[in-house]
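Comments concern the structure below.
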Amino acid sequence: MLACWTDYLSLCRVTAAIGYLFLLLFSFFITVYTACFNGNCQLLDSCSQATDCGPGLYCGNCPALGKSQPFCTRGQAIMPTSIVGGLPFNKYSWLMTHNSFSIVDAPSLQGVQRLTFYNQEDTVTNQLMNGVRGLMLDMYDFNGDIWLCHSFRGQCFNFTAFVICLLQPAINTLREVETFLSQNPSEIVTIVIEDYVHTPKGLSNLFVNAGLDKYWFPVSKMPKKGEDWPTVNEMVQANHRLLVFTSVASKEAEEGIAYQWKYILENEAGDPGVKPGSCPNRKESRPLNSKSASLFLMNYFPSYPVETEACKEHSARLADMIGTCFKAAGSMMPNFLAVNFYMRSDGGGVFYDLDSMNGQRLCGCNTIAACQAGAPFGSCKNITMPSSSPMTNTAGSFSGSVQFSKSASTIYYPNQFAIGFFSIPWMLFLL
C-alpha cells in the first residue's frame, strides 16, 4: 500500500514538473511572438537591437536612473520649420552639441595616447542628420594649420587634438557641414567658435577652403539691437544658411566673422549652468534679460562629461532648468540648447524638450507635434504626450540616421531564453 502511494506521489510530481515546463515554454514563445522587432518597436518599448526600434528611435538604456534593460529612445529631432515655417530665425529653438568634434572613439595621432574629455558619440555628419543645427567648435593654431582641440594651458598638443582621419586638421569637419548644406538646401546651421586662432585671416580662409563661404550669413545683415532676424524662408532664398560666431571681438572687423556676445545672450557653462533653480549669465554675455540681442544660447552640461550620467541629466531636471532660464531671460525661450551626449535620455530627452519649447513659442501648444500649419495660435491637435510614435513624415527635408559609435551602442542584458532555461533545474526539486 505504501509503495503504491509512493508511486502515485512520484507520478504527481512528474506531472506537475511537465506542466510547469509546458507553461514556461508557452510563456516564452508568447513573449517572443508578441515582442516587437524589425522596426516595429515604439518609444519606451523594450528592444534587443537597434533595428527593433522605429524611425527616429534607437535602442538604449539608462542605468543611472535604474533602467538597465534596453528600450527604444528618441534619437532624432522634429524640424519645427517643417510644421510652422516662414517665421524669423530667432523664433525657433534648435539643438546644439557642445564640443561637437570631441567624439568617443575618434582616432588620435598615430602613436599618441589622447588624454582628454569626450562630449559626443557620433560624427558631426550624423549629428546634423539627427536634427542638430548648432555646433560648438574649439579652434587652435596647430602644426601649421587650424585644428579642433581641447586645450592644455591654452595650447593644443598631440594628446588633445581631434581629427576625423589621422593627421588631418579641422577643415574635414567643416567639409562635413558643407556636404550637409549642399545636400539639404532648406536647412540652416549655426557654428559657435571658441577661438584660439592667431593666424591672420586664418578662420576666414579656413571657411573659404572648406567651400562654406557661399552659405555665409553676412554680418552686415545681422540685427544689432535685438530686432528680429530675417525669416527662415528669406535666409534659404538668399542662401545665407550658415551663421558663424567667434569669441574674438576683433575678428568681426578683420574677417567678417560675427562676435558672439554682440548677438547672443548666454548662460554660464559647466556646473553653474546645471545647478537647479539658478541660471546666471556667462560673464562675457550681457544679462539674460537684456533686450539688446535676440538670440539666447542655453548651456546645459556639467564641467566634466560622463556618458552614463547624461541620460539622467536629460530627464526631468532639464525641463526644470529650461523653465528657470526662461524666467531669468525675461520670458525669452532659448534659441539654442547646448548639451553633451545629445542622444542619451530616459525616453524623450532633449528632443522632447525641444518639441515642447517650439510648440509653446510657435503655436501655443505643449509640443510642436500638436501645431497645425495656418491655424490660429493656441489651436492644437489632440495628441498624447509623450507620443508613442514621435517621428512622422514631417521630420524634415533630410533622411536621418540614428546611431551611436561602436562602443556606445553595445548594450549587455540577460537573454530571456537563458533566464527561462536556467530556471528549469528548480523543477527537479519537485521530483
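The values are calculated or read from the model by the stated rules, or taken from the named source; none is laboratory data. Because the structure is a prediction, the values reported are computed rather than measured. Glycine also receives a Cβ, built like all others from the backbone with ideal geometry; neighbour counts cover every protein chain displayed. Accessible surface is based on the protein model in full, side chains and every heavy atom, while ligands, DNA and RNA are left aside. Shrake-Rupley method; radii C 1.70, N 1.55, O 1.52, S 1.80 Å.
Of note:
- Scope the range 265-318; condition of a type in the set (S, T, Y) and closer than 24 Å to M343 by Cβ; matching residues: Y300, S303, Y304, T308, S315
- Flag for K381 being at pLDDT 50 or above and basic (K, R): yes
- Residue within the range 234-255 that is open to solvent by less than 10 Å² (accessible area, probe 1.4 Å), of a type in the set (K, R) and under 25 Å from the mean Cα position of the chain (by Cα) present: yes
- Taking the range 337-386 as the range and being out of contact with any strand residue (DSSP E or B) (no Cβ under 8 Å at 6 or more places or on another chain), open to solvent by 40 Å² or more (accessible area, probe 1.4 Å) and closer than 18 Å to L57 by Cβ as the test, the residues that pass are I383, T384, M385, P386.
- Residue count for the range 295-309 under the criterion of being out of contact with any strand residue (DSSP E or B) (no Cβ under 7 Å at 6 or more places or on another chain) and either open to solvent by less than 10 Å² (accessible area, probe 1.4 Å) or not in a loop (DSSP other than H, G, I, E, B) (or both): the result is 3.
- Within the range 37-64, considering residues that are surrounded by fewer than 16 Cβ atoms within 10 Å (Cβ to Cβ) and touching a helix residue (DSSP H, G or I) at 6+ places or on another chain (Cβ under 8 Å), the one nearest to C311 (Cα to Cα): P63
- Restricted to the range 57-81, and to residues there that are part of a helix (DSSP H, G or I) and modelled with pLDDT of 95 or more, the residue that is nearest to R344 (Cα to Cα) is P80.
- Of all positions in the range 34-46, none carries a residue that is in a helix (DSSP H, G or I), modelled with pLDDT under 90 and among the aromatic types (F, W, Y).
- Residues of the range 340-367 satisfying the condition of being part of a helix (DSSP H, G or I) and closer than 17 Å to G75 by Cβ: G349, V350, F351, Y352, D353, L354, D355
- The residues of the range 207-220 include none that are open to solvent by 20 Å² or more (accessible area, probe 1.4 Å) and under 24 Å from the mean Cα position of the chain (by Cα).
- Single residue of K291, K312 found to be more than 25 Å from Y215 (Cα to Cα), open to solvent by 50 Å² or more (accessible area, probe 1.4 Å) and in contact with a helix residue (DSSP H, G or I) (Cβ under 6 Å, 6 or more places away or on another chain): K312
- Residues located in the range 218-253, provided they are under 19 Å from F180 (Cβ atoms), in contact with a Phe, Trp or Tyr (Cβ under 9 Å, 6 or more places away or on another chain) and in contact (Cβ under 8 Å) with a residue 12 or more places away in the chain: V232, M235, N239, H240, R241, L242, L243, V244, F245
- Residue within the range 242-254 that is out of contact with any strand residue (DSSP E or B) (no Cβ under 6 Å at 6 or more places or on another chain) and at positive phi present: no
- Taken over the range 188-200, residues that are assigned to a loop (DSSP other than H, G, I, E, B) and surrounded by 13 or more Cβ atoms within 10 Å (Cβ to Cβ) amount to 2.
- Residue within the range 254-276 that is in a loop (DSSP other than H, G, I, E, B), over 24 Å from V124 (Cβ atoms) and in contact (Cβ under 8 Å) with a residue 40 or more places away in the chain present: yes
- From the list P230, P223, the one residue that fits, being touching a His at 6+ places or on another chain (Cβ under 8 Å), open to solvent by 10 Å² or more (accessible area, probe 1.4 Å) and not basic (K, R), is P230.
- Reported count of residues in the range 316-332, each being open to solvent by 20 Å² or more (accessible area, probe 1.4 Å) and not in a helix (DSSP H, G or I), is 3.
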